[in-house]
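Contents: one structure, followed by commentary.
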């Protein structure tokens, strides 16, 4: 069994606080990478229709021999599949590629506010939840304004909002909104894609202090402020390193220093305008 602690989502579903993401992993590579992650102790795997690797991910899950109830599988609906009927069809396609009877978490990948139909799309997710084909549903890259509309026009409070979040983009407004409404915050690009973040002298100093790597310090920071985190790597040693973050704890001074690194800088698109199909 995995040593990763779980959080309890707002509908009672348990979700590992640290998982493995497969963004930018080719489908044929996903089989090996996901297999290595499962062998290292990860039990939560995060994929998406847009990643093009649901099939390879599903094959790795099947080949692992790990009982289905011990796994937590997330996938996401892409922008071109917004709308009630389209979302249901897209979910069916994802299940088929994954080779699963249900997923643990199904998310709308982006709100695509220009289309203006994310509430209609979310109602399809509510149907999927009611049918037991997803254990929990939620969203990704939703701003508070999008969430507010969703809360006013649908019945099920999202269990999760998966957003870009790292020490250079700490998303305090979104995190506070999530806390008020019982939505779990999940961080994508939790290590800032390595772009300068892991070379930051503050993070380096804290890493030296604890005898850890900069990546481990950043992941530990996420865990201690309550985020769910899904680091991605295809390097076996880093896959192992990224899950080895439960044997130390950052102190109050560390957390204050890390809080001071927020620049508000995004690496990914702006959810207010992103509409790529």
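The values are calculated or read from the model by the stated rules, or taken from the named source; none is laboratory data. All values reported here derive from a predicted model rather than from experimental measurement. As a convention, Cβ positions derive from the backbone with ideal geometry for all residues, glycine included, and neighbour counts pool all protein chains shown.
Numbers for the structure displayed
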read-out	value
Hey, residue 61 at pLDDT 95 or above, more than 30 Å from residue 116 (Cβ to Cβ) and buried (at least 17 other Cβ atoms within 10 Å of the Cβ) or not	yes
Every residue from the stretch 209-222 that is more than 20 Å from the chain's Cα centre (by Cα) and under 20 Å from residue 237 (Cβ atoms)	210, 211, 212, 213, 214
Evaluation of residue 207 against (1) in contact with a helix residue (DSSP H, G or I) (Cβ under 6 Å, 6 or more places away or on another chain); (2) more than 20 Å from residue 267 (Cα to Cα); (3) not in a helix (DSSP H, G or I) (one fails), failing number	(3)
Tally, over the stretch 252-264, of residues that are surrounded by 13 or more Cβ atoms within 10 Å (Cβ to Cβ) and either over 29 Å from residue 9 (Cβ atoms) or touching a strand residue (DSSP E or B) at 6+ places or on another chain (Cβ under 6 Å) (or both)	1
Residue that is farthest from residue 106 (Cα to Cα), among those in the stretch 42-65 that are touching a strand residue (DSSP E or B) at 6+ places or on another chain (Cβ under 7 Å) and not in a helix (DSSP H, G or I)	42
Pairs, first free of Cβ contacts under 8 Å to residues at least 40 places away in the same chain in the stretch 42-53, second surrounded by fewer than 24 Cβ atoms within 10 Å (Cβ to Cβ), C-beta under 6 Å, six or more apart	51/23; 52/27; 53/25; 53/27
Residues that are in contact with a helix residue (DSSP H, G or I) (Cβ under 9 Å, 6 or more places away or on another chain), surrounded by fewer than 24 Cβ atoms within 10 Å (Cβ to Cβ) and in a loop (DSSP other than H, G, I, E, B), drawn from the stretch 66-109	66, 71, 78, 83, 99, 100, 101, 102, 109
Any hit, the stretch 184-193, residues being out of contact with any strand residue (DSSP E or B) (no Cβ under 6 Å at 6 or more places or on another chain), farther than 30 Å from residue 83 by Cα and either surrounded by fewer than 20 Cβ atoms within 10 Å (Cβ to Cβ) or in contact (Cβ under 8 Å) with a residue 12 or more places away in the chain (or both)	yes
Residue within the stretch 198-216 that is farther than 24 Å from residue 159 by Cβ, at pLDDT 95 or above and touching a strand residue (DSSP E or B) at 6+ places or on another chain (Cβ under 9 Å) present	no
Selection from the stretch 9-24 of residues that are under 16 Å from residue 43 (Cα atoms) and under 13 Å from the mean Cα position of the chain (by Cα)	15, 16, 17, 18, 19, 20, 21, 22
Those residues of the stretch 133-149 which are surrounded by 23 or more Cβ atoms within 10 Å (Cβ to Cβ) and either part of a strand (DSSP E or B) or without any contact (Cβ under 8 Å) to a residue 60 or more places away in the chain (or both), in sequence order	134, 136, 137, 138, 139, 140
Any hit, the stretch 162-179, residues being modelled with pLDDT of 95 or more, in a loop (DSSP other than H, G, I, E, B) and surrounded by fewer than 16 Cβ atoms within 10 Å (Cβ to Cβ)	no
Criterion (surrounded by fewer than 22 Cβ atoms within 10 Å (Cβ to Cβ) and at pLDDT below 95) met by exactly one of 24, 17	24
Residues within the stretch 237-260 that are touching a helix residue (DSSP H, G or I) at 6+ places or on another chain (Cβ under 6 Å) and either part of a loop (DSSP other than H, G, I, E, B) or at pLDDT below 95 (or both), tallied	3
Which numbered condition residue 225 fails, given (1) more than 18 Å from the chain's Cα centre (by Cα); (2) farther than 27 Å from residue 78 by Cα; (3) at pLDDT 95 or above	(1)
Residues satisfying the stated conditions in the stretch 206-242, i.e. surrounded by fewer than 15 Cβ atoms within 10 Å (Cβ to Cβ) and in contact (Cβ under 8 Å) with a residue 40 or more places away in the chain	209, 226, 236
